[in-house]
1. Counting each DSSP H run of 4 or more residues in the chain as -39500 (n - 2.57), what helix-only mean residue ellipticity at 222 nm follows after dividing by all residues, to the nearest 500 deg cm²/dmol?
2. Hey, can you find the accessible area per residue of the range 70-207 for me, probe 1.4 Å, expressed in square angstrom?
3. Using DSSP to call loops (not H, G, I, E or B), can you name the trypsin sites (Lys or Arg not before Pro) in the range 15-85 whose Cβ has at most 15 other Cβ atoms within 10 angstrom?
4. Take the alpha-carbon centre of the range 147-193, take the same for the range 28-87, and report the distance between them in whole Å.
5. Ignoring ligands, DNA and RNA, please state the percent of accessible area on the chain from carbon and sulfur, probe 1.4 Å.
6. What FRET efficiency do you get for K147 and E103 if R0 is 30 Å and r is their Cβ-Cβ distance, rounded to the nearest 0.05?
7. Do any GluC sites (Glu not before Pro) in the range 46-99 lie in a loop, going by DSSP, with at most 15 other beta-carbon atoms within 10 Å of their beta carbon, and if so which?
8. How charged is the neighbourhood of S41? Take every other residue with its Cβ under 9 Å from the Cβ of S41, and add Lys/Arg as +1 and Asp/Glu as -1.
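The values are calculated or read from the model by the stated rules, or taken from the named source; none is laboratory data. The structure displayed is predicted, hence computed values, not measured ones. Using ideal geometry, Cβ is built from the backbone for each residue, glycine included, and neighbour counts are taken over all protein chains shown. These area figures cover heavy atoms from the full protein model, side chains too; ligands, DNA and RNA do not enter into them. Shrake-Rupley method; radii C 1.70, N 1.55, O 1.52, S 1.80 Å.
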Amino acid sequence: MKLNQETQQQKSSRKKTADERRQDILEAAINVFTKKGYNGSTTAEIARAAGVAEGTIFRHFATKKELLIAVLTPKILNGIISLDKEHKDPVEFFRCFLRDRLELIKENEGLVRFMFAEAQYHNEVREALFNGILGQGISIVKPWFDKGVKEGVFKPVPFPSMMRSFMGTVLFYGIFNHVFPGFSPERTIEEAADQILDLFLHGLLVE
């Protein structure tokens, strides 16, 4: 028992690495941003929540906007980057992409609401999202759409229109399911993704 207590004390007294402090700052920033919004959040408050001095934040992130980008980037992009490496078939890529986005919304509902609510009113948030993050995601997804068109799987419709419709469906499903839990008949995200993709690809008309 004494040995365990000493080990725990050693761990708690161990000086954190720069990477560990950076992660503490990111986790604190997520909580503060989602609770108080972008303008309502201060780096001093984030520093207190992370248990670091405010100056420590600026050793890792030059501005609050840069901190926001660092918070959102892995949440939005990591799943897409992994899918890009795993798949070869365009249809299967979009199926898994849809599942990944539904999981993202389910697990980060507060952060998703924060992103779209704040982007309506603050240029910094909007620029951080589009220029800093969404643009990177689009650059990964578009080649898969182009590949599908080239292979004759997808219609050659304008990519921005396709992407807007695709993500609009995903976002509305995720938000609707949160507001009205239990209303949707699908039991799993995989089932929901399959049904949404089938409707998206084939529509309602009987051919």
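1. After summing the helix terms and dividing by residue count, I get -25000 deg cm²/dmol.
2. Spelled out: the 1.4 Å probe surface of the range 70-207, per residue, equals 61 Å².
3. Listed in order of number, the matching sites are K15, K16.
4. Their Cα centres are 27 Å away from one another.
5. Roughly 55 percent of what the probe reaches on the chain is carbon or sulfur.
6. 0.80
7. Here no loop site has a sparse enough neighbourhood.
8. In short, +2.
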